1. With each run of n ≥ 4 DSSP H residues scored as -39500 (n - 2.57), what mean residue ellipticity at 222 nm is computed for the chain after dividing by its residue count and rounding to the nearest 500 deg cm²/dmol?
2. Please check: in the Gaussian network model of the chain (C-alpha springs, under 10 Å), which one of T189, T344, T42 has the largest mean-square fluctuation.
3. Give me the percent of DSSP beta bridges within the chain that run antiparallel, rounded to the nearest 5.
4. Within the chain, what's the longest stretch lacking GluC sites (Glu not before Pro) that sit in DSSP loops with no more than 11 other Cβ atoms inside 10 Å?
5. At a 1.4 Å probe, what is the % contribution of carbon and sulfur to the accessible area of the chain?
6. Over the stretch 258-395, give the accessible area per residue in Å² for a 1.4 Å probe, as an integer.
7. Using a Cα-Cα cut-off of under 17 Å, which aspartates and glutamates could be cross-linked to K143, ignoring same-chain neighbours fewer than 8 residues away?
8. Ordering R373, R105 from largest to smallest accessible area (1.4 angstrom probe), what's the sequence?
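The values are calculated or read from the model by the stated rules, or taken from the named source; none is laboratory data. Please read all numbers here as calculations on a predicted model, not as lab measurements. Because the Cβ atoms are built from the backbone with ideal geometry, glycine has one as well, and the counts that use them run over all protein chains shown. Protein only, heavy atoms only, side chains kept; ligands, DNA and RNA dropped before computing areas. Shrake-Rupley method; radii C 1.70, N 1.55, O 1.52, S 1.80 Å.
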Amino acid sequence: METKAANKIQDLQYFGEFGGVNPSISDSSTYTFLAAKSMMDTFEGQAKGCYLYARHSSPSNLYLSEALAAMEGTETANVAASGMGAITSTLLQLCSANDHIVCSRTIYGGTYAFLKNFAPKFNITTSFVAITNLKAVEAAITKKTKVLYCESVSNPLLEVADIISLSKLAKKYNLTLVVDNTFSPLSITPKLLGADIVIHSLTKYINGTSDTVAGVVCASTTFIESLKNVNDGASMLLGPVMDSMRSASVLKNMRTLHIRIKKHSENALYLAQKFEQNGLRVLYPGLKSHPQNALYKSMYNTEFGFGGMLAFDAGSLEKADALMELMQENKLGYLAVSLGFYKTLFNAPGTGTSSEIPEDEQAAMGLTAGLIRFSIGLDNDIERTYRAMKKCLVKVGLL
Ligand SMILES: *Cc1c(COP(=O)(O)O)cnc(C)c1O
């Protein structure tokens, strides 16, 4: 599937106040009105193009939101102070007390904790299912279900969700399909495949410099307006608002996203193939051995590849730890969580982050204690990186 999302972003040409090539940063929390009546109309949501107060909207946040909506092919978007701010306000907007959510069991730890431990305070309950098992997904839907929630490519096993089939299920049962696309910006465009709402943690690839947390909800104008409604909008009332300075900075970084994603994907595919040839058990959606390789290929925007995330099994937690320390000493990357940085990041998610899955199933899925998750960086010479990584693998006895 082809999309020209990257072109659409490029065509968004903003002018700054003094003809600057970047839009001016709106350094204000509140905005003046020349006529008292227009203030009243803005409060009531009738005056378009007027700013009232920055928790509601600000020019800088609208510029970034517009670029993200162009990327995801949605009518509009709303940026947030973090990915979790985007996720929680969306789910609380969609669900009321006694509603139910069907959610993939392999999701970001914070999202899992919110649904498992926090949302039940409001009597919003969740069934966690194997998202690749469509029968299990359908069986978990009840009369109370309002939302179907998944990640396009999930953590840490890089399972790929069949968004087209999930969207058919969502339509059949009148659910809202929410897809967290943090791992695969530009590569996968969930809206084109039938998703209703697309969320990102901008903290990762889209910002790409590991210097801030930020998030976005890409959706219809109706939904985004409901989120920002001054009377009952979750985003307006819970207040996870992004600061204008940050939003300007994220927008500038986003200008190079298409180049970065291609390089992350190219580097990750190279290493995944090499490690697999070396006999390691590698998880990467671009490998034929990946269970959803064909599915990913049926959904992706070819030029952006299979993404920068890969994982392999180091056999045991001890070996994984030794390897990661050695790689860090050799300047191959950082032993750190998160993803999307110019430098490779690695950590061992272990069994801890996926404790909702019974142990035997974890083993069956390939979720082992020695699994190392990599966010492959933008290394200029990936063959040189591979040679250095191979030395580390040999040293800890993996090769
Ligand atoms: C990091 C992450 C989040 C949370 O985003 P923050 O910006 O840290 O709040 C949500 N989903 C996924 C897939 C993530 O990787």
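1. The helix-only estimate for the chain comes to -11000 deg cm²/dmol at 222 nm.
2. Most flexible of the set in this elastic network: T42.
3. Percent antiparallel among DSSP bridges in the chain is about 50.
4. The reported range is 45-399.
5. The nonpolar share, carbon plus sulfur, comes to 54 percent.
6. Using a 1.4 Å probe on heavy atoms only, each residue of the stretch 258-395 averages 45 Å².
7. D99
8. R105, R373
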